[in-house]
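The values are calculated or read from the model by the stated rules, or taken from the named source; none is laboratory data. Worth saying up front: this structure is predicted, and the values here are computed from it rather than measured. Don't worry about glycine lacking a Cβ; one is built from the backbone with ideal geometry, like all the others, and counts go over all protein chains shown.
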Amino acid sequence: SLTGRMAATVLAPPGELLGVAPDEKYNVPAGVREKLGKDLLLNPKHPLGILWRTVQDYFAEQDPNCKFFDTEKPVVNTVDCFDKLRVPPEHPSRSPSDTYYVNKDYVLRTHTSAHQCQFLSQYPKITSFLCAGDVYRRDEIDASHYPAFHQCEGVRLFDAEKVSREEVLEDLKKTLEGLAAHLFQLKTGEDTMRWLDEYFPFTEPSLELEIFYQDDWMEVLGCGVIHHDVLRNAGLDPAKVHGWAFGLGLERLAMVLFGIPDIRLFWSEDPRFSEQFAPESFAEKTRFKPFSKYPPVLKDISMWIPENFADNDLFEMIRDEGGDQVEKVDLMDDFTHPKTGKRSKMFRVTWRDMSRTLTNEEVNAKHETVLELSCGSAVATHAK
Ligand code: FA5
Ligand code: MG
């Protein structure tokens, strides 16, 4: 099958990953594995490090008891990442088509929520904390999605006898609106920021916040009032304490803050990127100056969809072959044959290098490899 073949060709031979031994469930491609340990958040000159510092300063000012964590390892067990958060065993977010597994019990954390119960039970006196780190997901490809990105988790607890759930929710919204105002001078009710209802198994009610950026609404965070079962899983008594939690995407906020147009830039080692930022960049309102734009090369892929095929399988194959030269993959056509029921899809891959013009010949070579890897189920067509 497409997936089986991929596993054989794309994946590096596994060695231990941060002390955890792989088994046959291992599905971390080399391109993702090499992101482990880059510690972008701990670099005070990197836009993500600058943003993380700024978020910490804001919370320290609001809440002197707030504790900060940013050195937890990204390999976590499925109990912390999913079970303690009420994510059911069959939930799609824990399937290997969405999540990187090291072995059947350990994953690359898919969100920083994996540390919620851990910190609450490890520090019984704690009332609020932020925890930031690198997280990993098999996901779609465009300017605001990347398989490795960074989240910041926030948790605050309240005395359940003194503060109602409604007041907890109000405090949550006020805190996050305050953060947005501090970072961007944005206010709700204007055309730049809006709240939407969401669902997470670990919060009730749940909300998400979107910011208008580059002509579109971009989701920047999810949040809500912590579910009773999650508090119990952390060793707390829901009759005595309750609280809120949020998880925000640091790249998305940094893109808005510094005017960074594409998520791939955060991993760039090109000095034309890194030398634009310094610890003072937040105070000085630094805006990213794009280096000259190089033209894209477009390639289309048409394929009959094999059984058990997930779009993410193809995306990862493309990302693995093309690395950061792949800017986006758009679904152009989705067709089901009326008689045979066979389904075909057409994807358009936009190739663009950040620092030079790609030639049609070099892109063709990579495109051919993707077509080969997909085991003959895909054929090239020409982008118009
Ligand atoms: C979560 O990950 C929840 N754990 C958030 C949460 C925490 C909810 C605590 C309630 C309580 P979600 O999957 O929506 O939610 O991701 C949160 C944010 O991460 C998104 O809003 C977005 O900003 C960012 N994000 C998600 N996927 C990607 C990606 N592939 N690339 C870059 N950023 C991403
Ligand atoms: Mg979301």
Single residue of segment 148-160 satisfying the filter (surrounded by 22 or more Cβ atoms within 10 Å (Cβ to Cβ) and more than 16 Å from ligand 2 (Cβ to nearest atom)) that is farthest from Val32 (Cα to Cα): Leu157
Looking only at segment 281-309, which residues are exposed (fewer than 11 other Cβ atoms within 10 Å of the Cβ) and more than 22 Å from Arg352 (Cβ to Cβ)? Ala283, Glu284, Lys285, Glu307
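Taking into account only those residues within segment 43-88 that are of a type in the set (Phe, Trp, Tyr) and assigned to a helix (DSSP H, G or I), which is nearest to Gly224 (Cα to Cα)? Show your work before the answer.
Initially, segment 43-88 is screened for residues of a type in the set (Phe, Trp, Tyr), giving 52, 58-59, 68-69, 82.
Now drop any that are not assigned to a helix (DSSP H, G or I), which leaves 52, 58-59.
On the way: Trp52: 21, Tyr58: 20, Phe59: 18 Å.
Only one residue fits best here, namely Phe59.
Which of the residues spanning segment 58-88 are among the charged types (D, E, K, R), away from ligand 1 (no atom under 14 Å from the Cβ) and under 18 Å from Gln151 (Cβ atoms)? Let's see the steps before the verdict.
Restricting attention to segment 58-88, the residues satisfying the condition of being among the charged types (D, E, K, R) are 61, 63, 67, 70, 72-73, 80, 83-84, 86.
After this cut, where a residue has to be away from ligand 1 (no atom under 14 Å from the Cβ) as well, the list is 61, 63, 67, 70, 72-73, 83.
Those that are among the charged types (D, E, K, R), away from ligand 1 (no atom under 14 Å from the Cβ) and under 18 Å from Gln151 (Cβ atoms): Lys67, Asp70, Glu72, Lys73.
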Only one of Ile141, Ile126 is more than 16 Å from ligand 2 (Cβ to nearest atom) and closer than 24 Å to Val32 by Cα, namely Ile141
Report yes if some residue within segment 314-332 is loosely packed, with under 14 Cβ neighbours inside 10 Å and farther than 28 Å from Ala365 by Cβ; otherwise report no. no
Given the conditions (1) at pLDDT 95 or above; (2) in a strand (DSSP E or B); (3) of a type in the set (A, V, I, L, M, F, W, C); (4) more than 26 Å from the chain's Cα centre (by Cα), and given that Leu298 satisfies all but one, which numbered condition is not satisfied? (4)
The lone exception for His115 - which of (1) surrounded by fewer than 21 Cβ atoms within 10 Å (Cβ to Cβ); (2) within 13 Å of ligand 1 (Cβ to nearest atom) it fails: (1)
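Can you tell me which residue among Lys328, Lys339 is in a strand (DSSP E or B), outside the structural domain of Val28 (by TED's automatic domain parsing) and among the basic types (Lys, Arg)? Before the answer, list the steps.
Details: Lys339 fails: in a strand (DSSP E or B).
It is Lys328.
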Out of contact with any strand residue (DSSP E or B) (no Cβ under 7 Å at 6 or more places or on another chain) and surrounded by fewer than 23 Cβ atoms within 10 Å (Cβ to Cβ): is that true of Tyr101 in this structure? no
Is at least one residue of segment 180-199 near ligand 1 (Cβ under 8 Å from one of its atoms) and either buried (at least 16 other Cβ atoms within 10 Å of the Cβ) or modelled with pLDDT of 95 or more (or both)? yes
Could you tell me whether segment 170-192 includes any residue that is within 16 Å of ligand 2 (Cβ to nearest atom), basic (Lys, Arg) and closer than 28 Å to Phe119 by Cβ? no
In segment 107-123, residues that are within 20 Å of Arg86 (Cβ to Cβ), outside any helix (DSSP H, G or I) and more than 16 Å from ligand 2 (Cβ to nearest atom) total 1
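Identify, from the list Arg94, Arg109, Arg86, the residue that is of a type in the set (Lys, Arg) and touching an Asp or Glu at 6+ places or on another chain (Cβ under 6 Å).
Working: Arg94 fails: touching an Asp or Glu at 6+ places or on another chain (Cβ under 6 Å); Arg109 fails: touching an Asp or Glu at 6+ places or on another chain (Cβ under 6 Å).
Criteria check complete, one pass: Arg86.
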The one condition Leu209 fails out of (1) in a helix (DSSP H, G or I); (2) under 23 Å from the mean Cα position of the chain (by Cα) is (1)
Of everything in segment 212-234, what is of a type outside the set (Gly, Ala, Ser) and under 20 Å from the mean Cα position of the chain (by Cα)? Give them in sequence order. Phe212, Tyr213, Gln214, Asp216, Trp217, Met218, Glu219, Val220, Leu221, Cys223
Determine whether segment 251-265 contains at least one residue that is within 13 Å of ligand 1 (Cβ to nearest atom), out of contact with any helix residue (DSSP H, G or I) (no Cβ under 9 Å at 6 or more places or on another chain) and of a type outside the set (A, V, I, L, M, F, W, C). no
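Mind telling me which of the residues Val163, Val225, Val241 ends up being surrounded by 13 or more Cβ atoms within 10 Å (Cβ to Cβ), within 15 Å of ligand 1 (Cβ to nearest atom) and among the hydrophobic types (A, V, I, L, M, F, W, C)? Steps first, please.
Numbers: Val163 fails: within 15 Å of ligand 1 (Cβ to nearest atom); Val241 fails: within 15 Å of ligand 1 (Cβ to nearest atom).
After applying the criteria, what remains is Val225.
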